[in-house]
Amino acid sequence: MEQMTVRDIVKATGGRLLCGEEALPLRRISIDSKDIEGGELFVPLVGERVDAHRFIRQALKAGGAAVLTSEHDEMTDDHPWIRVEDTRKALQEIGSYYRDRLTLPLVGITGSVGKTTTREMVAAALSAGFRVYKTPGNKNSQVGVPITLSEITPKDEIGVLELGMSMPGELTVIARIARVDMALITNVGVAHIEQLGSQENIYQEKLTIQDGLKDGGILLLNGDDPMLKNTRARAGCSTVYYGTGENCAYRAEDICLEEGCPVFTAVCRDKRIPVRLKVLGRHNINNAMAALAVADLYGVVLAEAAKKLEEYQGFQGRQQIFVQNGVTIIDDTYNASPVSMVAALEVLESMKCAGKKVAVLADMKELGQSAKKFHQEIGEWLEQHPVDVVFTLGELAEVIEGGALCLHFGGADLDGLFEKLTEILLPGDCVLLKGSNSMKLGKVAKRLTGEGEA
(Lines give C-alpha, C1' and ligand atoms only; values in the text may rest on other atoms or scores of the structure.)
Protein backbone atom coordinates (compact mmCIF):
# COMPACT_ATOMS: atom_id res chain seq x y z
CA MET A 1 0.00 0.00 0.00
CA GLU A 2 1.91 3.02 -1.30
CA GLN A 3 1.93 6.34 0.59
CA MET A 4 -1.26 5.67 2.55
CA THR A 5 -1.59 7.16 6.00
CA VAL A 6 -4.18 7.01 8.75
CA ARG A 7 -5.44 10.37 7.46
CA ASP A 8 -6.10 8.76 4.05
CA ILE A 9 -8.07 5.93 5.67
CA VAL A 10 -10.22 8.40 7.58
CA LYS A 11 -10.87 10.33 4.36
CA ALA A 12 -11.61 7.18 2.33
CA THR A 13 -14.08 5.74 4.83
CA GLY A 14 -15.62 8.92 6.21
CA GLY A 15 -14.66 7.51 9.59
CA ARG A 16 -13.67 9.20 12.85
CA LEU A 17 -10.20 8.98 14.37
CA LEU A 18 -10.68 8.02 18.02
CA CYS A 19 -7.02 8.22 18.98
CA GLY A 20 -3.51 8.00 17.57
CA GLU A 21 -1.44 9.89 14.98
CA GLU A 22 -3.18 10.64 11.69
CA ALA A 23 0.12 11.08 9.82
CA LEU A 24 1.18 7.49 10.58
CA PRO A 25 2.05 5.61 7.35
CA LEU A 26 0.49 2.19 6.73
CA ARG A 27 2.26 -0.62 4.91
CA ARG A 28 -0.61 -2.93 3.97
CA ILE A 29 -4.11 -4.13 4.90
CA SER A 30 -4.76 -7.30 6.89
CA ILE A 31 -8.01 -9.01 7.87
CA ASP A 32 -6.24 -11.82 9.74
CA SER A 33 -4.52 -11.16 13.06
CA LYS A 34 -2.26 -14.15 12.37
CA ASP A 35 -1.07 -12.50 9.15
CA ILE A 36 0.40 -9.41 10.83
CA GLU A 37 4.04 -8.70 9.96
CA GLY A 38 4.26 -5.06 11.08
CA GLY A 39 2.80 -1.76 9.91
CA GLU A 40 -0.64 -3.06 8.86
CA LEU A 41 -4.09 -1.56 9.01
CA PHE A 42 -6.11 -4.32 10.69
CA VAL A 43 -9.70 -4.57 9.45
CA PRO A 44 -11.84 -6.72 11.79
CA LEU A 45 -14.62 -8.20 9.70
CA VAL A 46 -17.89 -9.32 11.25
CA GLY A 47 -18.88 -12.74 9.93
CA GLU A 48 -21.73 -15.13 10.58
CA ARG A 49 -19.67 -17.10 13.08
CA VAL A 50 -16.81 -14.85 14.16
CA ASP A 51 -16.54 -11.16 14.94
CA ALA A 52 -12.88 -10.29 14.38
CA HIS A 53 -13.09 -7.30 16.72
CA ARG A 54 -12.11 -9.79 19.42
CA PHE A 55 -8.69 -10.11 17.72
CA ILE A 56 -7.83 -6.40 17.61
CA ARG A 57 -5.50 -6.51 20.61
CA GLN A 58 -3.81 -9.61 19.20
CA ALA A 59 -3.25 -7.82 15.88
CA LEU A 60 -1.79 -4.73 17.56
CA LYS A 61 0.46 -6.81 19.79
CA ALA A 62 1.78 -8.63 16.70
CA GLY A 63 2.81 -5.33 15.11
CA GLY A 64 -0.34 -3.91 13.55
CA ALA A 65 -0.12 -0.14 13.15
CA ALA A 66 -3.79 0.88 13.19
CA VAL A 67 -7.28 -0.60 13.29
CA LEU A 68 -10.78 0.00 12.08
CA THR A 69 -13.64 -0.56 14.48
CA SER A 70 -17.42 -0.47 14.30
CA GLU A 71 -17.85 -1.36 17.99
CA HIS A 72 -15.99 1.41 19.84
CA ASP A 73 -16.99 5.05 20.19
CA GLU A 74 -14.14 6.12 22.45
CA MET A 75 -10.60 4.85 22.80
CA THR A 76 -7.30 5.89 24.39
CA ASP A 77 -4.31 4.12 22.85
CA ASP A 78 -0.95 4.75 21.22
CA HIS A 79 -2.26 3.14 18.04
CA PRO A 80 -4.77 4.88 15.76
CA TRP A 81 -8.33 3.52 16.04
CA ILE A 82 -10.74 4.62 13.32
CA ARG A 83 -14.48 4.39 13.97
CA VAL A 84 -16.60 3.35 10.95
CA GLU A 85 -20.16 2.13 10.66
CA ASP A 86 -19.35 -1.12 8.84
CA THR A 87 -15.82 -2.51 8.56
CA ARG A 88 -16.55 -4.53 5.42
CA LYS A 89 -18.00 -1.52 3.62
CA ALA A 90 -15.09 0.60 4.88
CA LEU A 91 -12.62 -1.90 3.40
CA GLN A 92 -14.36 -1.55 0.04
CA GLU A 93 -14.23 2.23 0.31
CA ILE A 94 -10.48 2.04 0.97
CA GLY A 95 -10.08 -0.15 -2.12
CA SER A 96 -12.04 2.34 -4.22
CA TYR A 97 -10.03 5.27 -2.81
CA TYR A 98 -6.76 3.50 -3.63
CA ARG A 99 -8.07 2.67 -7.12
CA ASP A 100 -8.46 6.40 -7.76
CA ARG A 101 -4.71 6.78 -7.30
CA LEU A 102 -3.77 4.10 -9.81
CA THR A 103 -2.92 5.04 -13.37
CA LEU A 104 -2.01 1.63 -14.80
CA PRO A 105 -4.56 -0.25 -16.97
CA LEU A 106 -6.51 -3.04 -15.28
CA VAL A 107 -7.96 -6.17 -16.89
CA GLY A 108 -10.85 -7.78 -15.00
CA ILE A 109 -11.72 -11.46 -15.51
CA THR A 110 -14.94 -13.21 -14.53
CA GLY A 111 -16.82 -16.31 -15.66
CA SER A 112 -18.34 -19.54 -14.39
CA VAL A 113 -15.32 -21.71 -15.16
CA GLY A 114 -11.65 -21.02 -15.83
CA LYS A 115 -11.24 -17.58 -14.22
CA THR A 116 -8.07 -18.43 -12.36
CA THR A 117 -6.38 -20.29 -15.22
CA THR A 118 -7.30 -17.49 -17.62
CA ARG A 119 -5.95 -14.94 -15.14
CA GLU A 120 -2.66 -16.81 -14.99
CA MET A 121 -2.44 -17.17 -18.78
CA VAL A 122 -3.31 -13.52 -19.40
CA ALA A 123 -0.64 -12.47 -16.90
CA ALA A 124 1.87 -14.79 -18.56
CA ALA A 125 1.16 -13.40 -22.05
CA LEU A 126 1.30 -9.79 -20.86
CA SER A 127 4.62 -10.43 -19.09
CA ALA A 128 6.24 -10.46 -22.54
CA GLY A 129 5.80 -6.69 -22.59
CA PHE A 130 4.93 -5.45 -19.09
CA ARG A 131 5.62 -5.82 -15.41
CA VAL A 132 2.34 -7.48 -14.42
CA TYR A 133 0.50 -7.47 -11.12
CA LYS A 134 -2.09 -10.24 -10.78
CA THR A 135 -4.61 -11.26 -8.16
CA PRO A 136 -2.81 -13.42 -5.60
CA GLY A 137 -4.44 -16.72 -4.67
CA ASN A 138 -8.22 -16.47 -4.52
CA LYS A 139 -8.59 -12.82 -3.48
CA ASN A 140 -11.43 -12.23 -5.94
CA SER A 141 -14.31 -11.33 -3.61
CA GLN A 142 -15.85 -8.19 -2.12
CA VAL A 143 -13.20 -8.51 0.58
CA GLY A 144 -10.31 -9.78 -1.55
CA VAL A 145 -10.46 -7.29 -4.43
CA PRO A 146 -10.00 -4.15 -2.27
CA ILE A 147 -6.96 -5.76 -0.63
CA THR A 148 -5.62 -6.82 -4.04
CA LEU A 149 -5.91 -3.27 -5.37
CA SER A 150 -4.12 -1.88 -2.33
CA GLU A 151 -1.09 -4.08 -3.02
CA ILE A 152 -0.44 -2.69 -6.53
CA THR A 153 2.72 -0.59 -6.60
CA PRO A 154 4.03 2.19 -8.90
CA LYS A 155 6.49 -0.35 -10.35
CA ASP A 156 3.61 -2.40 -11.81
CA GLU A 157 2.69 -1.53 -15.39
CA ILE A 158 -0.56 -3.46 -15.85
CA GLY A 159 -2.90 -5.38 -13.54
CA VAL A 160 -4.86 -8.60 -14.08
CA LEU A 161 -7.70 -8.99 -11.59
CA GLU A 162 -9.91 -12.01 -11.03
CA LEU A 163 -13.44 -10.91 -10.12
CA GLY A 164 -15.62 -13.57 -8.53
CA MET A 165 -19.26 -13.77 -7.52
CA SER A 166 -21.53 -16.18 -5.72
CA MET A 167 -24.66 -14.15 -5.04
CA PRO A 168 -26.82 -11.56 -6.81
CA GLY A 169 -25.35 -8.07 -6.89
CA GLU A 170 -21.90 -9.12 -5.71
CA LEU A 171 -20.12 -8.58 -9.02
CA THR A 172 -21.56 -5.09 -9.37
CA VAL A 173 -20.03 -4.14 -6.02
CA ILE A 174 -16.65 -5.59 -7.02
CA ALA A 175 -16.70 -4.11 -10.52
CA ARG A 176 -17.40 -0.61 -9.21
CA ILE A 177 -14.42 -0.89 -6.89
CA ALA A 178 -12.03 -2.25 -9.56
CA ARG A 179 -13.20 -0.02 -12.45
CA VAL A 180 -11.32 -2.01 -15.07
CA ASP A 181 -10.25 -0.87 -18.53
CA MET A 182 -10.93 -4.28 -20.09
CA ALA A 183 -13.53 -6.82 -18.93
CA LEU A 184 -13.15 -10.47 -19.92
CA ILE A 185 -15.92 -13.07 -19.49
CA THR A 186 -14.71 -16.66 -19.93
CA ASN A 187 -18.11 -18.37 -20.12
CA VAL A 188 -21.57 -18.71 -18.58
CA GLY A 189 -22.03 -22.06 -16.88
CA VAL A 190 -24.06 -23.33 -13.94
CA ALA A 191 -21.61 -22.76 -11.07
CA HIS A 192 -23.52 -21.01 -8.23
CA ILE A 193 -26.88 -21.78 -9.86
CA GLU A 194 -28.03 -22.78 -6.37
CA GLN A 195 -27.72 -19.14 -5.30
CA LEU A 196 -28.68 -17.48 -8.58
CA GLY A 197 -31.57 -19.68 -9.69
CA SER A 198 -30.98 -20.11 -13.43
CA GLN A 199 -28.32 -19.89 -16.13
CA GLU A 200 -30.03 -16.79 -17.50
CA ASN A 201 -29.64 -15.13 -14.10
CA ILE A 202 -25.96 -16.13 -14.05
CA TYR A 203 -25.55 -14.60 -17.53
CA GLN A 204 -27.12 -11.31 -16.41
CA GLU A 205 -24.92 -11.24 -13.30
CA LYS A 206 -21.74 -11.85 -15.31
CA LEU A 207 -22.59 -8.89 -17.53
CA THR A 208 -22.55 -6.61 -14.48
CA ILE A 209 -18.76 -6.61 -14.73
CA GLN A 210 -19.53 -3.74 -17.12
CA ASP A 211 -20.92 -1.71 -14.20
CA GLY A 212 -17.32 -0.80 -13.52
CA LEU A 213 -15.96 -0.88 -17.07
CA LYS A 214 -14.54 2.50 -17.98
CA ASP A 215 -15.94 4.46 -20.92
CA GLY A 216 -14.06 3.47 -24.06
CA GLY A 217 -13.19 0.13 -22.49
CA ILE A 218 -13.26 -3.29 -24.15
CA LEU A 219 -15.58 -6.21 -23.36
CA LEU A 220 -13.70 -9.36 -24.34
CA LEU A 221 -16.00 -12.36 -24.74
CA ASN A 222 -15.71 -16.09 -25.42
CA GLY A 223 -17.24 -16.23 -28.89
CA ASP A 224 -17.80 -20.00 -28.57
CA ASP A 225 -20.10 -19.65 -25.56
CA PRO A 226 -23.77 -19.94 -26.62
CA MET A 227 -24.83 -17.15 -24.26
CA LEU A 228 -21.97 -14.77 -25.05
CA LYS A 229 -21.42 -15.09 -28.79
CA ASN A 230 -24.18 -12.58 -29.61
CA THR A 231 -23.64 -10.31 -26.60
CA ARG A 232 -22.57 -6.74 -27.16
CA ALA A 233 -20.83 -4.31 -24.83
CA ARG A 234 -22.72 -1.48 -23.21
CA ALA A 235 -22.85 1.88 -24.97
CA GLY A 236 -19.50 3.61 -25.08
CA CYS A 237 -17.47 0.39 -25.04
CA SER A 238 -16.37 -2.02 -27.77
CA THR A 239 -16.79 -5.80 -28.08
CA VAL A 240 -14.09 -8.29 -29.10
CA TYR A 241 -14.57 -12.08 -29.39
CA TYR A 242 -12.04 -14.87 -28.97
CA GLY A 243 -12.42 -18.62 -29.45
CA THR A 244 -12.44 -21.03 -32.38
CA GLY A 245 -15.31 -19.76 -34.55
CA GLU A 246 -15.33 -17.47 -37.57
CA ASN A 247 -17.03 -14.80 -35.44
CA CYS A 248 -13.86 -14.48 -33.35
CA ALA A 249 -11.25 -11.83 -34.17
CA TYR A 250 -8.84 -13.98 -32.16
CA ARG A 251 -9.32 -17.64 -32.95
CA ALA A 252 -7.55 -21.00 -32.85
CA GLU A 253 -7.25 -23.20 -35.93
CA ASP A 254 -5.52 -26.52 -36.80
CA ILE A 255 -6.31 -27.85 -33.32
CA CYS A 256 -5.06 -31.17 -31.98
CA LEU A 257 -4.12 -32.69 -28.62
CA GLU A 258 -0.75 -34.31 -28.09
CA GLU A 259 -0.68 -36.35 -24.87
CA GLY A 260 -3.54 -34.18 -23.67
CA CYS A 261 -1.77 -30.88 -24.41
CA PRO A 262 -3.26 -28.51 -27.02
CA VAL A 263 -1.36 -27.67 -30.20
CA PHE A 264 -2.90 -25.08 -32.55
CA THR A 265 -2.44 -22.02 -34.72
CA ALA A 266 -3.50 -18.73 -33.18
CA VAL A 267 -5.04 -16.47 -35.82
CA CYS A 268 -4.96 -12.87 -34.65
CA ARG A 269 -6.27 -10.63 -37.40
CA ASP A 270 -3.53 -10.86 -40.07
CA LYS A 271 -1.08 -12.88 -37.96
CA ARG A 272 -0.76 -16.67 -37.59
CA ILE A 273 1.21 -17.88 -34.58
CA PRO A 274 1.91 -21.57 -33.80
CA VAL A 275 1.21 -22.43 -30.15
CA ARG A 276 2.05 -25.56 -28.15
CA LEU A 277 0.82 -25.52 -24.55
CA LYS A 278 2.16 -27.47 -21.60
CA VAL A 279 -1.18 -27.53 -19.80
CA LEU A 280 -3.80 -30.19 -20.42
CA GLY A 281 -7.19 -30.00 -22.08
CA ARG A 282 -8.97 -28.61 -25.10
CA HIS A 283 -10.61 -25.99 -22.88
CA ASN A 284 -7.21 -24.34 -22.38
CA ILE A 285 -7.21 -23.37 -26.06
CA ASN A 286 -9.84 -20.73 -25.36
CA ASN A 287 -8.01 -19.63 -22.21
CA ALA A 288 -4.86 -19.19 -24.31
CA MET A 289 -6.73 -17.28 -27.03
CA ALA A 290 -8.14 -14.94 -24.39
CA ALA A 291 -4.60 -14.31 -23.17
CA LEU A 292 -3.29 -13.64 -26.67
CA ALA A 293 -6.18 -11.29 -27.38
CA VAL A 294 -5.45 -9.24 -24.24
CA ALA A 295 -1.73 -9.16 -25.05
CA ASP A 296 -2.32 -8.03 -28.63
CA LEU A 297 -4.85 -5.39 -27.62
CA TYR A 298 -2.24 -3.94 -25.26
CA GLY A 299 0.47 -3.95 -27.93
CA VAL A 300 2.52 -6.97 -26.87
CA VAL A 301 4.33 -8.75 -29.72
CA LEU A 302 2.23 -11.88 -30.28
CA ALA A 303 5.11 -14.23 -30.93
CA GLU A 304 6.65 -13.19 -27.61
CA ALA A 305 3.31 -13.56 -25.81
CA ALA A 306 2.92 -17.06 -27.28
CA LYS A 307 6.36 -18.03 -25.97
CA LYS A 308 5.35 -16.98 -22.47
CA LEU A 309 2.16 -19.05 -22.75
CA GLU A 310 4.16 -22.07 -23.81
CA GLU A 311 6.18 -21.78 -20.59
CA TYR A 312 3.07 -21.81 -18.39
CA GLN A 313 2.60 -25.12 -16.59
CA GLY A 314 -0.47 -24.51 -14.43
CA PHE A 315 -0.61 -24.89 -10.66
CA GLN A 316 -1.65 -27.22 -7.88
CA GLY A 317 -4.96 -29.01 -8.16
CA ARG A 318 -5.67 -27.89 -11.71
CA GLN A 319 -4.84 -30.73 -14.12
CA GLN A 320 -1.34 -31.26 -12.78
CA ILE A 321 0.32 -34.44 -14.05
CA PHE A 322 2.50 -36.65 -11.87
CA VAL A 323 4.03 -40.06 -12.47
CA GLN A 324 4.37 -42.26 -9.38
CA ASN A 325 5.42 -45.92 -9.50
CA GLY A 326 4.70 -45.99 -13.23
CA VAL A 327 1.15 -44.62 -12.81
CA THR A 328 0.20 -41.31 -14.48
CA ILE A 329 -1.88 -39.19 -12.06
CA ILE A 330 -3.96 -36.21 -13.23
CA ASP A 331 -4.76 -34.06 -10.21
CA ASP A 332 -7.73 -31.82 -11.08
CA THR A 333 -9.20 -31.64 -7.59
CA TYR A 334 -9.29 -27.87 -7.06
CA ASN A 335 -12.95 -27.63 -8.05
CA ALA A 336 -15.57 -28.99 -10.44
CA SER A 337 -18.57 -28.03 -12.56
CA PRO A 338 -20.31 -29.95 -15.36
CA VAL A 339 -18.24 -28.16 -18.01
CA SER A 340 -14.91 -28.65 -16.28
CA MET A 341 -15.76 -32.27 -15.43
CA VAL A 342 -16.27 -33.12 -19.11
CA ALA A 343 -13.11 -31.17 -20.01
CA ALA A 344 -11.12 -33.24 -17.52
CA LEU A 345 -12.57 -36.49 -18.86
CA GLU A 346 -11.63 -35.43 -22.40
CA VAL A 347 -8.05 -35.06 -21.17
CA LEU A 348 -8.14 -38.57 -19.70
CA GLU A 349 -9.59 -39.86 -22.98
CA SER A 350 -6.76 -38.25 -24.97
CA MET A 351 -3.98 -39.70 -22.81
CA LYS A 352 -1.90 -42.49 -24.30
CA CYS A 353 -1.28 -45.17 -21.70
CA ALA A 354 -0.41 -48.84 -21.84
CA GLY A 355 -2.74 -49.79 -19.01
CA LYS A 356 -6.17 -48.84 -17.64
CA LYS A 357 -7.81 -45.43 -17.71
CA VAL A 358 -9.39 -44.74 -14.32
CA ALA A 359 -11.71 -41.83 -13.46
CA VAL A 360 -12.23 -40.85 -9.81
CA LEU A 361 -15.16 -38.44 -9.75
CA ALA A 362 -16.55 -36.69 -6.66
CA ASP A 363 -19.63 -34.53 -6.10
CA MET A 364 -20.00 -31.24 -7.97
CA LYS A 365 -21.42 -28.73 -5.49
CA GLU A 366 -23.66 -25.63 -5.70
CA LEU A 367 -25.74 -26.93 -8.62
CA GLY A 368 -29.12 -26.43 -6.95
CA GLN A 369 -32.20 -28.49 -7.70
CA SER A 370 -30.73 -29.78 -10.97
CA ALA A 371 -27.64 -31.25 -9.27
CA LYS A 372 -28.68 -34.87 -9.79
CA LYS A 373 -29.43 -34.21 -13.48
CA PHE A 374 -25.99 -32.66 -14.06
CA HIS A 375 -24.31 -35.69 -12.50
CA GLN A 376 -26.43 -38.06 -14.60
CA GLU A 377 -25.31 -36.17 -17.71
CA ILE A 378 -21.70 -36.90 -16.79
CA GLY A 379 -22.64 -40.57 -16.75
CA GLU A 380 -24.31 -40.23 -20.14
CA TRP A 381 -21.12 -38.66 -21.51
CA LEU A 382 -19.12 -41.58 -20.15
CA GLU A 383 -21.44 -44.03 -21.89
CA GLN A 384 -20.32 -42.50 -25.18
CA HIS A 385 -16.69 -42.16 -24.09
CA PRO A 386 -16.12 -45.11 -21.73
CA VAL A 387 -13.10 -45.56 -19.49
CA ASP A 388 -11.98 -48.77 -17.86
CA VAL A 389 -12.83 -47.95 -14.25
CA VAL A 390 -15.00 -45.28 -12.62
CA PHE A 391 -14.82 -44.56 -8.89
CA THR A 392 -17.39 -42.13 -7.49
CA LEU A 393 -17.25 -40.30 -4.17
CA GLY A 394 -20.26 -38.67 -2.51
CA GLU A 395 -24.03 -38.80 -2.60
CA LEU A 396 -24.49 -36.91 -5.87
CA ALA A 397 -21.71 -38.65 -7.79
CA GLU A 398 -23.28 -42.04 -7.08
CA VAL A 399 -25.53 -41.62 -10.13
CA ILE A 400 -22.48 -41.38 -12.44
CA GLU A 401 -21.80 -44.58 -14.36
CA GLY A 402 -19.84 -45.31 -17.49
CA GLY A 403 -16.98 -47.69 -16.94
CA ALA A 404 -16.50 -51.42 -17.26
CA LEU A 405 -16.13 -51.35 -13.47
CA CYS A 406 -17.98 -48.81 -11.30
CA LEU A 407 -17.35 -48.52 -7.58
CA HIS A 408 -18.93 -46.02 -5.19
CA PHE A 409 -17.65 -44.61 -1.90
CA GLY A 410 -19.39 -42.46 0.69
CA GLY A 411 -18.37 -38.82 0.84
CA ALA A 412 -16.21 -39.26 3.94
CA ASP A 413 -14.58 -42.53 2.90
CA LEU A 414 -11.33 -41.12 1.53
CA ASP A 415 -9.32 -43.88 3.17
CA GLY A 416 -11.42 -46.60 1.55
CA LEU A 417 -11.13 -44.91 -1.83
CA PHE A 418 -7.36 -44.59 -1.52
CA GLU A 419 -6.95 -48.21 -0.47
CA LYS A 420 -9.00 -49.48 -3.42
CA LEU A 421 -7.10 -47.27 -5.84
CA THR A 422 -3.73 -48.51 -4.66
CA GLU A 423 -5.06 -52.05 -4.95
CA ILE A 424 -6.05 -51.79 -8.62
CA LEU A 425 -3.53 -49.28 -10.04
CA LEU A 426 -0.61 -50.81 -11.93
CA PRO A 427 2.33 -49.38 -13.87
CA GLY A 428 1.08 -48.05 -17.20
CA ASP A 429 -2.30 -46.97 -15.81
CA CYS A 430 -3.61 -43.39 -15.93
CA VAL A 431 -5.93 -42.00 -13.24
CA LEU A 432 -7.90 -38.73 -13.18
CA LEU A 433 -9.15 -37.25 -9.90
CA LYS A 434 -11.84 -34.57 -10.23
CA GLY A 435 -14.43 -33.09 -7.86
CA SER A 436 -15.46 -30.01 -5.91
CA ASN A 437 -12.85 -28.78 -3.48
CA SER A 438 -15.07 -29.45 -0.46
CA MET A 439 -15.00 -33.17 -1.26
CA LYS A 440 -11.29 -33.17 -0.25
CA LEU A 441 -10.30 -35.42 -3.12
CA GLY A 442 -7.03 -33.50 -3.23
CA LYS A 443 -5.96 -35.42 -0.13
CA VAL A 444 -6.24 -38.66 -2.09
CA ALA A 445 -4.26 -37.12 -4.97
CA LYS A 446 -1.46 -36.08 -2.61
CA ARG A 447 -1.29 -39.58 -1.12
CA LEU A 448 -1.11 -41.11 -4.58
CA THR A 449 1.71 -38.77 -5.59
CA GLY A 450 3.58 -39.37 -2.35
CA GLU A 451 3.08 -35.81 -1.10
CA GLY A 452 0.52 -36.63 1.60
CA GLU A 453 0.33 -39.00 4.54
CA ALA A 454 0.12 -42.66 3.65
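The values are calculated or read from the model by the stated rules, or taken from the named source; none is laboratory data. Predicted model only: the values in this text are computed from it and were never measured. Cβ sites come from the backbone with ideal geometry, for glycine too, and all protein chains shown count toward neighbours. Areas reflect the complete protein model, heavy atoms only, side chains present, ligands, DNA and RNA absent. Shrake-Rupley method; radii C 1.70, N 1.55, O 1.52, S 1.80 Å.
Compute the whole-percent fraction of alpha carbon pairs in the chain spaced more than 34 Å apart. Each step should come with its number before you reach the end.
Working: 41341 of 102831 pairs.
Tail of P(r) above 34 Å: 40 percent of Cα pairs.
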**Request:** Place a label point 7 angstrom from the Cα of GLN204 along the Cα-to-Cβ direction, then list the residues of the stretch 138-174 whose backbone nitrogen is under 19 Å away.
**Result:** 165-174
**Message:** Can I get the semi-axes of the stretch 234-336's equivalent ellipsoid? Compute them from the C-alpha gyration tensor as square roots of 5 times the eigenvalues, in angstrom, largest first.
**Reply:** 28, 15, 12
**Asked** If you place +1 on the Cβ of every Lys and Arg and -1 on the Cβ of every Asp and Glu, how big does the dipole about the Cα centre of the chain come out, in debye to the nearest 20?
**Response** 900 debye
**Item:** Gain in span if fully extended, HIS385 to ASP156, counting 0.36 nm per residue against the direct Cα distance
**Value:** 77.8 nm
**Request:** For the stretch 339-454, take the alpha-carbon Rg, divide it by the Kirkwood Rh, and send me Rg/Rh.
**Result:** 0.94
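So what is the diffusion coefficient of the stretch 1-158 in µm² per second by Stokes-Einstein at 20 °C and 1.002 mPa s, using a Kirkwood Rh over Cα pairs?
Value of D from the Cα-based Kirkwood radius: 130 µm²/s.
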**Request:** Once you have all Cα-Cα distances for the stretch 268-319, histogram them in 5 Å bins from zero and send the whole-percent values.
**Result:** 4, 19, 32, 24, 13, 5, 2, 0
**Asked** How do the peptides 282-289, 6-13 rank, highest first, by the average count of neighbouring beta carbon atoms within 10 Å per residue?
**Response** 282-289, 6-13
**Request:** Calculate the dipole size of the stretch 282-372 relative to its Cα centre from +1 charges on Lys and Arg beta carbons and -1 charges on Asp and Glu beta carbons; express the result in debye to the nearest 20.
**Result:** 280 debye
**Asked** Across the stretch 7-23, in residue order, what do the Karplus-derived ³J(HN,Hα) couplings come to in whole Hz, using 6.51 cos²θ - 1.76 cosθ + 1.60 with θ = phi - 60° and x for Gly and Pro?
**Response** 4, 4, 5, 4, 5, 5, 9, x, x, 10, 6, 7, 6, x, 8, 6, 8
**Prompt:** Hey, got the dipole for the stretch 89-190? About the Cα centre, +1 on K and R Cβ, -1 on D and E Cβ, debye to the nearest 20?
**Reply:** 60 debye
**Asked** For the chain, can you list the cysteines whose C-beta has no other cysteine C-beta under 4.7 Å from it?
**Response** CYS19, CYS237, CYS248, CYS256, CYS261, CYS268, CYS406
**Complete:** With a 1.4 angstrom probe the carbon and sulfur portion of accessible area for the chain, in percent, totals 47 percent
**Prompt:** Any idea what % of Cα-Cα pairs in the stretch 20-85 are farther than 14 Å?
**Reply:** 52 percent
**Fill in**
1/(1 + (r/R0)^6) with r = Cβ-Cβ of GLU401 and MET167, R0 = 25 Å, i.e. FRET efficiency to nearest 0.05, evaluates to 0.15
**Extension gain, SER438 back to ARG176 (0.36 nm per residue minus Cα-Cα distance, nm)** = 91.3 nm
**Residues LYS372 and GLU74, FRET efficiency given R0 of 45 Å [Cβ-Cβ distance, rounded to 0.05]** = 0.20
**Fill in**
Relative contact order as a percentage, the chain, C-alpha pairs under 8 Å and 6+ apart, gives 11 percent
**Prompt:** Under 29 Å Cα-Cα from LYS61, which lysines qualify once same-chain neighbours fewer than 8 residues away are excluded?
**Reply:** LYS11, LYS34, LYS89, LYS139
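Hey, which of these cross-link pairs are over 22 Å Cα-Cα: LYS357/LYS434; LYS278/LYS365; LYS352/LYS443; LYS115/LYS278; LYS134/LYS206; LYS308/LYS357?
Distance filter (> 22 Å) returns LYS278/LYS365; LYS352/LYS443; LYS308/LYS357.
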**Prompt:** On average, how much accessible surface per residue is there in the stretch 23-160, in Å², for a 1.4 Å probe, leaving out ligands, DNA and RNA?
**Reply:** 43 Å²
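For ASN138 and VAL301, FRET efficiency with R0 = 35 Å and r from the beta-carbon atoms, rounded to 0.05?
On the way: r = 31 Å, r/R0 = 0.89.
That gives a FRET efficiency of 0.65.
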**Item:** Given charges at Cβ of Lys, Arg, Asp, Glu: the chain dipole, positive-most of LEU407, VAL431, ASN140
**Value:** ASN140
**Neighbour net charge for ARG318 - beta-carbon separation under 10 angstrom, K R +1, D E -1** = -3
**Request:** Could I have the simple spin-label model distance between GLU258 and ASP100, label points 7 Å from Cα toward Cβ, reported in nm to one decimal?
**Result:** 5.3 nm
**Prompt:** So how many Å³ per residue does the convex hull of the Cα atoms of the stretch 129-175 work out to?
**Reply:** 72 Å³
**Request:** Multiply the residue separation of GLU423 and ARG269 by 0.36 nm, subtract the distance between their alpha-carbon atoms, and state the gained length in nm to one decimal.
**Result:** 50.2 nm
**Complete:** In nm, the gap between the two label points placed 7 Å beyond Cα toward Cβ at ASP51 and ASN247 is 5.2 nm
